[in-house]
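First the structure, in the form of structure tokens, and then the observations on it.
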Amino acid sequence: MSRRFLRHLLCLFSFGLGYSLSAQVDTILALPEVKVVAVSLRNDAIGTQQKKWSVNELKKYQSNKLPFLLERESGVFVKSYGLGSSATTSIRGGSASQTAVFWNGLPLQSPMLGQLDFSLMPLGIIEEASLQYGGASDSWGSGAVGGLIHLGNRPIQRKGLSAGWNGEIGAFGQHTHLLNFKYKGKQLAGSSRIFYHTADNDFEYRAAAGQDAKKLEHARVIQQGALQELYWITPENGQFSWRIWLQETDRELPPTTVQNRSLATQYDAFLRTMLSWEQTRGQIYWQAKAAVFHEVLDYKDELILLETNSRFTTLMGEIEADWYINESQRWHFAITDNLVEAETNNYDTPIRQNRFALQSHFRQEWRNWRVQLGLRLALIDDRYVPVIPGLGVEYLLGEKWTLNARVNRTYRWPTLNDLYWSPGGNTELKPEQGWSQEAGVSTIQSIENLKFKYQLTFFNRNIENWILWSPSDAGAFWSAQNLTEVWSRGMEQRLDIEWKKEDWQINFKAGHDLVHSTNEVAISNPKLSEGEQLAYVPIHRFFGSTTFSWKKWELDYLHRFTGKVSAINVDEMPAYHVGDLRLQYGMTLASWQSVFYLRVNNIWDTEYRIIERRPMPGRYYQLGINLTFTSIK
Amino acid sequence: MKAIFTYVLIFAAFMLQAQTTADFEVFDLNEGEFLNGSTNTSNDPGFADGNVFLPNQFNDAYGSWTGWAISATTDVTTPGWGNQYSSITGGGYDNSETYAVSYIFGESRIRLTGAAAGGVVEGMYITNGTYAYLSMLEGDNIAKKFGGETGNDPDYFLLTIKKYYNGELSDESIEFYLADYRFEDNSQDYIVDEWTYLDLSSLGSVDSLSFSLSSSDVGMFGMNTPAYFCMDNITTQDVVSNVNELEPSISLSLYPNPAVDYIQIETAEAGNKTWGVYSISGELLESGEFYNEKQRISLAHLPNGSYFVKVLTEAGNATKALIIAGK
């Protein structure tokens with residue numbers, strides 16, 4: 001098979017994904033003459049629900065952090081401790097550690113905590129974001145239980161020079177600046193981005209109706225960072241990429257609503273750098289990555305004289321190959337090794353852990369069927385992870401309907417803190433593991449100017465050996481234990497309607513998630529009854545948006561409803577509705593493009609809380625400008 | 001007869017001296033020091049003073065302790081777990097240096113030993129630890145400030161004391177609010193910040209005392225309020241054993257005991273006998289004479305509480321603890 005044929009095949013294949021609601025593009029090999037889109041089997045899961053945001057959609061959020069996007073445009077429940085404060089996620093009733101997050105295919109969760117603080121993730125430095133619901137441990141290993149989020153950078157598409165600035169001011173002392181420069185030549189390309197964000201977050205809130213408003217104090221955030229990318233397209237049509245991402249965040253941690261004062265602060269900093277090589281040789285697409293992440297988390301509370309300093313360094317290496325056997329068969333293979341070294345005051349000694357994995361996927365297509373089988377074998381230090389299989393199926397029912405189903409085993413390996421924190425770490429912990437299944441139907445319909453997409457998904461997941469920290473027999477300290485089993489099941493609906501006529505365009509998007517995630521073993525501490533819904537997992541969640549576009553104007557209204565949840569100290573936290581409005585106007589002048597926008601968040605001034613004792617802001621405003629210069633070639 | 005009453009007076013005087021108070025100064029700690037059991041290698045770890053024993057469980061793996069610690073720390077301003085050994089008064093009772101701190105996981109106990117074993121605990125001084133006090137006053141990462149967001153939450157922090165006697169945990173208890181925000185008028189809300197005397201004599205005969213804490217601030221992981229309190233100058237009534245050691249004993253039984261309106265004294269000794277009912281502080285409250293082996297004594301005008309009944313004869317004497325209850 002000639003290289004030309006392979007390219008043709010790859011292009012066909014990628015276009016063939018059109019019938020899927022949300023095909024995910026992993027990498028674009030921006031070759032000088034012809035663009036070949038390679039989609040790794042691992043990235044292109046079959047039989048599951050996915051959401052991919054376009055570059056233009058992401059641009060609307062580029063001054064914000066990842067939680068801002070997820071809570072408005074996905075079924076992810078974002079557990080935010082407040083404006084500028086930590087945020088974690090729950091997908092399909094999973095825990096925060098059961099959401100896997102990747103940056104250009106590399107895991108971002110802290111190996112110490114097992115989770116990512118989403119509030120540290122600026123959207124202004126990525127061009128790709130996608131969300132895959134459900135378990136995917138056969139492809140992505142530990143933690144890909146509830147769902148996974150891919151964030152990525154896209155190689156520069158347009159030759160020449162471009163530069164941009166996004167400046168935004170907002171209530172509560174918010175200032176955000178994002179500056180970028182991009183250059184693409186014949187074989188070399190580069191991108192530089194720097195950003196700075198500061199906010200006092202000193203909004204007012206009321207404890208209860210009729211009470212005087214109080215101002216949140218000690219909530220200031222300063223974040224700054226830079227991302228540098230370099231690309232070199234080799235004469236053999238391979239591509240080397242190098243990225244380095246530096247970021248630091250200084251945060252004051254505000255008191256709870258039942259705490260008079262706080263002097264706690266947190267400093268998060270990291271250096272993440274990666275080198276990757278991609279090449280198509282014959283019928284095989286090769287990719288190799290090497291990366292080093294070094295991250296710091298320093299917590300300090302001068303009030304209670306407590307200081308905790310954590311550091312870890314991860315070395316990652318990965319080689320993967322996608323073999324296009326023929327038009328209906330593909331095979332993927334990957335070898336991954338991650339070595340982490342972590343230290344904190346609470347480890348007796350620095351901890352070193354090695355995670356090695358082999359994985360393979362095979363896809364068979366015939367007639368209206370697509371079937372993909374995945375298998376992953378992993379070794380963590382000297383402990384074998386159970387074999388992790390996954391099977392996805394799609395069936396095209398006519399031209400407009402697709403049926404899909406997926407079953408896979410999932411697991412989450414205990415974090416380093418679960419294992420080694422002193423006191424309380426438990427080296428005897430077993431991994432959380434179980435099986436997840438889902439099935440759904442989707443359709444795409446078109447009538448003249450109207451496009452209509454609908455997707456319905458049912459899912460089921462059982463996880464055993466669920467890890468919880470609870471007071472130990474010794475009393476004074478908590479310890480990690482495999483305490484319970486959790487059964488999650490539910491239904492998800494997605495609706496997308498687009499209407500276009502002349503200068504007008506209206507988009508309507510809506511989603512509804514019904515999630516029951518219940519504890520299946522009665523335990524005394526923490527107090528959990530059999531059949532009890534997990535804390536901070538809403539049974540109902542709705543999100544919807546309507547966008548009106550006319551010429552250079554665009555108006556968005558976004559609405560979300562979160563049902564009542566149980567919490568740690570109260571049986572029930574009330575449900576709430578929150579709406580946001582965004583108005584933008586775009587101008588183009590020669591090589592200059594500018595977009596002015598005004599965002600009114602929480603336009604109905606809803607008094608609500610996501611986490612108990614943590615207030616959220618009422619109505620507030622953000623005003624910004626995007627200025628872009630593109631050289632004319 | 002005159003000789004007998006003279007003896008009674010001597011006996012009463014002796015009783016006054018036979019109260020034993022454990023003030024923990026015997027541990028000779030300097031300011032800022034504490035004992036949390038980390039150096040204790042005994043099979044029965046804890047702290048003994050006077051006629052009480054304060055058990056301590058220290059976990060080497062966790063570096064943690066439960067039960068009792070002995071402290072001379074004085075920090076009344078630093079919140080948080082790091083200041084878990086300090087009393088909110090900055091020292092012991094009556095400006096003494098040393099006091100006991102309890103961290104309760106389930107329950108803490110105090111065992112009566114020596115002459116006080118099975119006897120009466122007269123009382124003790126109680127106050128909050130700085131950690132719990134500031135947590136209730138200002139809130140912390142886990143626990144709420146009492147009164148909550150509006151100041152109107154009816155919060156409380158309650159110490160409950162029960163007794164073990166003859167292997168059984170009593171139903172009756174003594175309750176002491178270390179903090180109470182349940183008043184309609186918020187100006188009456190309080191958190192204890194002084195050493196406060198707690199009379200335990202109504203518990204009567206005791207092998208050991210059981211202490212537990214409860215709070216209105218409870219979550220999925222149990223009580224959020226730090227489970228600490230401080231104790232000093234626990235006084236036990238060990239007169240019975242001491243007197244018996246000095247005096248020849250005779251047989252004596254009292255019934256019913258606890259009693260309501262009367263008791264019956266029964267002794268095998270012949271001849272003239274004198275009886276006396278004493279308060280636990282040694283005050284002679286009632287007395288009389290009898291000649292038979294049995295004598296019924298009215299208690300109608302004595303209130304509920306702990307007493308001693310003493311019988312004196314030519315052959316010797318005997319003393320028994322008496323509880324009056326149910327009035």
Of the residues in segment A:385-429 that are without any contact (Cβ under 8 Å) to a residue 12 or more places away in the chain and either more than 30 Å from A:Ile447 (Cα to Cα) or touching an Asp or Glu at 6+ places or on another chain (Cβ under 9 Å) (or both), the one that is most open to solvent (accessible area, probe 1.4 Å) is A:Glu428
Within segment B:125-160, residues being more than 9 Å from chain A (Cβ to nearest Cβ) and outside any loop (DSSP other than H, G, I, E, B) number 16
Among residues of segment B:64-92 being surrounded by fewer than 18 Cβ atoms within 10 Å (Cβ to Cβ) and part of a loop (DSSP other than H, G, I, E, B), the residue farthest from the other protein chains (Cβ to nearest Cβ) is B:Gly90
**Prompt:** Going by the structure shown, is A:Leu315 within 14 Å of chain B (Cβ to nearest Cβ) and open to solvent by 20 Å² or more (accessible area, probe 1.4 Å)?
**Reply:** no
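Among the residues of segment A:46-62, which ones are of a type in the set (S, T, N, Q) and in a loop (DSSP other than H, G, I, E, B)?
If the condition is that a residue be of a type in the set (S, T, N, Q) and in a loop (DSSP other than H, G, I, E, B), then A:Thr48, A:Gln49, A:Ser54, A:Gln62 are the ones that fit.
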| Just a yes or no: is a residue in segment A:418-431 more than 14 Å from chain B (Cβ to nearest Cβ) and within 24 Å of A:Val76 (Cα to Cα)? | yes
Note: among A:Ser241, A:Ser262, just one is open to solvent by less than 50 Å² (accessible area, probe 1.4 Å) and within 14 Å of another protein chain (Cβ to nearest Cβ), namely A:Ser262
Filtering segment B:200-219 down to residues that are within 12 Å of another protein chain (Cβ to nearest Cβ) and surrounded by fewer than 17 Cβ atoms within 10 Å (Cβ to Cβ) yields B:Val218
**Prompt:** Going by the structure shown, is A:Tyr347 of a type in the set (Phe, Trp, Tyr) and closer than 20 Å to A:Asp250 by Cβ?
**Reply:** no
Of the residues in segment A:512-527, those that are more than 14 Å from chain B (Cβ to nearest Cβ) and of a type outside the set (Asp, Glu) come to A:His512, A:Leu514, A:Val515, A:His516, A:Ser517, A:Thr518, A:Val521
Filter segment A:387-435 for residues that are of a type in the set (Phe, Trp, Tyr) and touching a strand residue (DSSP E or B) at 6+ places or on another chain (Cβ under 7 Å); the one that is nearest to A:Phe362 (Cα to Cα) is A:Tyr395
Taking segment A:553-585 and the residues there that are in a loop (DSSP other than H, G, I, E, B) and away from chain B (no Cβ under 14 Å), the one that is nearest to A:Lys527 (Cα to Cα) would be A:Lys564
In the set A:His177, A:His150, A:His197, A:His218, the lone residue that is crowded, with 16+ Cβ neighbours inside 10 Å, within 14 Å of chain B (Cβ to nearest Cβ) and either in contact (Cβ under 8 Å) with a residue 40 or more places away in the chain or not in a loop (DSSP other than H, G, I, E, B) (or both) is A:His218
Of those in segment A:244-259 that are surrounded by 18 or more Cβ atoms within 10 Å (Cβ to Cβ) and among the β-branched types (Val, Ile, Thr), the residue farthest from the other protein chains (Cβ to nearest Cβ) is A:Thr249
Restricted to segment B:50-63 and to residues being more than 17 Å from B:Asp232 (Cβ to Cβ) and either in contact (Cβ under 8 Å) with a residue 24 or more places away in the chain or away from chain A (no Cβ under 12 Å) (or both), the residue surrounded by the fewest Cβ atoms within 10 Å (Cβ to Cβ) is B:Gly63
Residue pairs qualifying under the 7 Å Cβ cut-off, at least six apart or on distinct chains, with the first in segment A:451-467 being closer than 20 Å to A:Phe508 by Cβ and the second being outside any strand (DSSP E or B), are A:Lys453/A:Leu21; A:Gln455/A:Leu21; A:Gln455/A:Gln49; A:Thr457/A:Gln49
The residue that is nearest to A:Asn64 (Cα to Cα), considering only those in segment A:153-174 that are touching a helix residue (DSSP H, G or I) at 6+ places or on another chain (Cβ under 9 Å) and crowded, with 17+ Cβ neighbours inside 10 Å, is A:Asn166
Of those in segment A:282-303 that are open to solvent by 30 Å² or more (accessible area, probe 1.4 Å) and within 14 Å of chain B (Cβ to nearest Cβ), the residue nearest to A:Asn237 (Cα to Cα) is A:Tyr299
When B:Tyr156 is run through (1) open to solvent by 60 Å² or more (accessible area, probe 1.4 Å); (2) touching a Leu at 6+ places or on another chain (Cβ under 9 Å); (3) without any contact (Cβ under 8 Å) to a residue 12 or more places away in the chain, the failure sits at (3)
Considering segment B:99-124, residues that are away from every other protein chain (no Cβ under 14 Å), open to solvent by 10 Å² or more (accessible area, probe 1.4 Å) and touching a Phe, Trp or Tyr at 6+ places or on another chain (Cβ under 6 Å), and then whichever is nearest to B:Thr73 (Cα to Cα), we arrive at B:Arg111
Restricting segment A:488-529 to residues that are out of contact with any Gly (no Cβ under 8 Å at 6 or more places or on another chain), of a type in the set (A, V, I, L, M, F, W, C) and farther than 18 Å from A:Thr48 by Cα, the one surrounded by the most Cβ atoms within 10 Å (Cβ to Cβ) turns out to be A:Leu528
The correct count of residues that are open to solvent by 20 Å² or more (accessible area, probe 1.4 Å) and in contact (Cβ under 8 Å) with a residue 40 or more places away in the chain in segment A:319-330 is 3
Of (1) within 14 Å of chain A (Cβ to nearest Cβ); (2) part of a strand (DSSP E or B), B:Phe47 satisfies every one except (1)
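The values are calculated or read from the model by the stated rules, or taken from the named source; none is laboratory data. Not measured: the values here are computed from a predicted model. Positions of Cβ are backbone-derived with ideal geometry, glycine not excepted, and every protein chain shown enters the neighbour counts. Surface accessibility is based on the protein's heavy atoms, side chains included, excluding ligands, DNA and RNA. Shrake-Rupley method; radii C 1.70, N 1.55, O 1.52, S 1.80 Å.
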